[in-house]
1. Does E505 satisfy being outside the structural domain of M394 (by TED's automatic domain parsing), in contact (Cβ under 8 Å) with a residue 40 or more places away in the chain, in contact with a helix residue (DSSP H, G or I) (Cβ under 8 Å, 6 or more places away or on another chain) and more than 16 Å from the ligand (Cβ to nearest atom)?
2. Restricted to the range 554-568, and to residues that are within 12 Å of the ligand (Cβ to nearest atom) and among the hydrophobic types (A, V, I, L, M, F, W, C), which residue is surrounded by the most Cβ atoms within 10 Å (Cβ to Cβ)?
3. Every residue in the range 280-323 that is within 16 Å of the ligand (Cβ to nearest atom) and in a loop (DSSP other than H, G, I, E, B), please.
4. If the Cβ limit is 6 Å and pairs must be 6+ apart or interchain, which residue in the range 264-281 that is closer than 23 Å to A433 by Cα and modelled with pLDDT of 95 or more pairs with which residue that is in a loop (DSSP other than H, G, I, E, B) and hydrophobic (A, V, I, L, M, F, W, C)?
5. Report, by residue number, each residue of the range 99-128 that is in a loop (DSSP other than H, G, I, E, B) and in contact with a helix residue (DSSP H, G or I) (Cβ under 8 Å, 6 or more places away or on another chain).
6. Being closer than 30 Å to A433 by Cβ and at pLDDT below 95 narrows it down to one residue among A141, A153; which is it?
7. Step by step: first the residues of the range 643-673, then only those that are assigned to a helix (DSSP H, G or I) and more than 28 Å from the chain's Cα centre (by Cα), then the one that is farthest from the ligand (Cβ to nearest atom). Which residue is that?
8. Inspect the range 422-440 for any residue being within 16 Å of the ligand (Cβ to nearest atom) and not in a strand (DSSP E or B) and give the result as yes or no.
Amino acid sequence: MGGPAPSADRPGVHPPAGFPWWPPRPVPLPGVDSGLGLKKFRDRLPQPTIIRAWRRPAGSPIRVRAELGRVQFHADIPPAEAWTYEGGLPGPTIEVQRDRAVRIDWENGLERGGKALNLPYDVVRVPALPPLPPGQPGVNANFRAAALPGGRAADKGPGEDSYPRLDHTAELTAATVVHLHGALTDGHNDGWAHNVSLPGGVTRCTYPNRQESTTLWYHDHAMAVTRFNVFAGLSGFYIIRDEQEARLRLPSGERELFLGIADRNLESEAGAPAGTIKFTGRALYKQAGFTGSTGIKGEIPVSAPFNMVNGKIWPTKDVDACWYRLRLLNGSSSRIHRFSIHDTTDEKFTPTKDIPSTDPAFGARRKTDALVVIGTDGGLLPAPFIPQDGIVDMGPGERVDVLVDFSKYRGRTLELRNENGTALNAQPGQADASVMQFRVDDRRVLDRFRLPGVLNGEYVRYRHTDDGKLIIGDRVIDHHAHAWVAVVPPGIGGSVHPEMWELRELAEGEDPGTAEVIRVTRADGKVLTFKPAAKLFDESLTIRFSEGDWAVWNILHLGGPAHPMHIHMTEFQMLNRWQWPLGPGGSVPGFNLATASTSNPLPVPGAGRPVSPMTAGMKDTWVIQPGEWVQVLGDFTGATGSFMYHCHILDHEDHTMMRPFTVLPKSIMAFHDVHGGGHH
Ligand SMILES: [Cu+2]
């Protein structure tokens with residue numbers, strides 16, 4: 001495998017035979033108490049190994065093997081097994097050049113002695129507990145119990161924090177399929193969830209890389225178990241570079257950091273003395289269970305107390321006092337992060353695991369101009385952008401490319417923090433808010449980098465005119481396709497999970513043939529009437545595009561939790577974001593849960609969260625909040641086949657919030673019977 005010289009900071013590099021002292025064991029730093037059973041900032045931030053595709057002979061495929069690896073999540077706990085790509089967590093960063101196709105042979109090597117491996121961690125379910133006393137934030141007691149550090153499967157020992165395994169998880173064996181998130185490639189290279197391989201299986205995928213320089217990531221996408229395979233460790237970065245980016249001379253080499261962020265819980269031993277916790281080193285997938293009104297069991301998406309960056313919990317990084325480029329990836333299963341930089345040098349903040357705490361010290365030293373956003377999922381922004389209050393919101397699956405000028409903080413200690421509430425602590429400022437630390441050297445550095453005024457000359461803002469035309473730079477597109485999707489709260493028909501419904505617009509006077517009718521009012525006063533056309537993945541296909549189509553997707557959020565929506569195959573721009581007011585139950589008033597319909601047309605929604613320059617960047621994943629109506633526009637050009645779109649909360653994706661769509665050449669579509677439709 002190519003890449004830089006091995007070092008202690010680079011996982012996945014095996015020691016050469018006969019050199020037991022290599023790589024040298026890094027000496028942990030003293031760390032800071034967290035109150036959660038592990039010290040913060042004990043480990044140095046590791047960086048993934050790098051595979052530079054262009055250094056290989058043209059046409060020769062890169063082999064990337066999913067294999068059992070040994071990882072150590074924290075300096076003070078033992079190493080444990082994980083599923084990795086090429087031994088690393090994250091897997092190797094694959095760097096490619098724009099317009100140069102790369103072939104990758106994805107191999108499932110997750111076997112031992114010819115048998116497919118079981119998960120390298122246990123999945124446990126915290127049964128429903130009584131609600132918390134009034135005034136305590138959080139859904140209820142088991143939601144919080146599931147987010148407390150430690151615990152184990154009940155068959156491993158008794159204890160208050162021993163829980164039953166989630167059904168069937170002990171028997172789950174490794175079957176994998178890789179999706180390159182954000183890539184423009186044909187459907188058969190896209191990681192179709194049904195196309196899993198058993199150990200020994202190899203899938204060759206071709207990535208044309210005909211897209212702008214940006215941060216993509218690859219991860220497992222197996223049908224119904226993506227959450228378990230990704231949690232086991234199967235993800236990595238994929239970086240597209242191009243000349244436009246090179247001309248900007250952005251910070252590179254040691255000053256370009258890949259930060260794959262994900263929350264994790266850890267298994268602990270049974271029988272530890274009261275007030276102590278002894279971690280086994282293994283991860284733990286611990287989630288809150290509940291029972292729906294009709295007796296169906298459900299689980300709340302997993303949420304964990306420890307933030308891990310590149311496989312290390314709360315790492316620290318020594319940086320020079322100059323510009324750095326941080327490639328942020330929210331690789332969490334369900335956590336929506338609100339990232340910001342805090343100067344913690346003089347902070348007298350005492351972390352606590354008890355709620356509620358409203359320590360006023362938290363947030364007082366947020367550096368509101370520290371994070372300079374230069375790119376989003378699909379490419380560079382037209383110009384650098386400093387987000388409001390210095391906060392970068394990121395749902396699972398999203399990437400943000402930021403620059404930080406550490407020369408402003410010479411000799412200071414900074415922290416990357418998550419200011420969103422968590423399952424453990426609904427208020428920000430708690431012990432689990434830390435993500436990682438930066439210690440800035442106090443010496444001046446000669447840094448020739450200057451923040452450019454213009455980043456991306458290729459970017460044009462998309463527009464949708466009132467008379468239904470699309471304006472893309474100097475192009476006018478007269479016809480485009482539409483897709484309509486509603487996300488609805490749990491509880492409909494006894495369902496325990498939120499659902500994603502594909503909608504079909506009814507013609508005037510058409511008999512819906514169902515009580516489930518959704519009517520909304522457009523800004524121009526026109527009422528649109530829909531019925532669900534499909535709810536589950538395996539129901540029939542309703543969204544079919546011709547290759548070359550532009551399509552406006554309308555997502556209506558009628559209640560329930562926020563969802564990071566991801567559509568494969570293309571990069572989008574958000575055109576509009578409107579907002580309906582929410583009722584006391586968190587649903588849009590007028591949407592009746594009992595009948596799953598709107599008794600009257602929902603009113604014209606009001607102005608929503610503004611579409612900031614960051615939100616208007618090229619995106620493949622964006623978070624839709626309750627009550628929002630979001631309209632995005634994408635170009636379905638340059639690839640064909642079957643693709644998926646889904647919620648990127650992996651528990652939701654696995655629990656039916658995923659649907660297929662197809663893109664076929666126009667000439668074939670002429671022969672293909674299309675019922676319904678939706679072009680105008
Ligand atoms: Cu979701």
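1. On the way: outside the structural domain of M394 (by TED's automatic domain parsing): yes; in contact (Cβ under 8 Å) with a residue 40 or more places away in the chain: yes; in contact with a helix residue (DSSP H, G or I) (Cβ under 8 Å, 6 or more places away or on another chain): no; more than 16 Å from the ligand (Cβ to nearest atom): yes.
It is false that E505 is outside the structural domain of M394 (by TED's automatic domain parsing), in contact (Cβ under 8 Å) with a residue 40 or more places away in the chain, in contact with a helix residue (DSSP H, G or I) (Cβ under 8 Å, 6 or more places away or on another chain) and more than 16 Å from the ligand (Cβ to nearest atom).
2. Residue satisfying both the conditions and the ranking: M565.
3. I300, P301, V302, S303 - these are the residues of the range 280-323 that are within 16 Å of the ligand (Cβ to nearest atom) and in a loop (DSSP other than H, G, I, E, B).
4. If the second residue must be in a loop (DSSP other than H, G, I, E, B) and hydrophobic (A, V, I, L, M, F, W, C), the pairs left are R264/A304; N265/A304; S268/I277; K278/A272; F279/I77; G281/I77.
5. Going through the range 99-128, the residues in a loop (DSSP other than H, G, I, E, B) turn out to be 99-101, 110, 113-114, 117, 119-121, 127-128.
Within the range 99-128, R100, L119, Y121, P127, A128 qualify.
6. Just a single option satisfies the conditions, and that option is A141.
7. This residue is S667.
8. yes
The values are calculated or read from the model by the stated rules, or taken from the named source; none is laboratory data. Since the model is a prediction, treat every value here as computed from it, not as a measurement. A quick note on method: Cβ atoms are made from the backbone with ideal geometry, for glycine too, and the neighbour counts reach across all protein chains shown.
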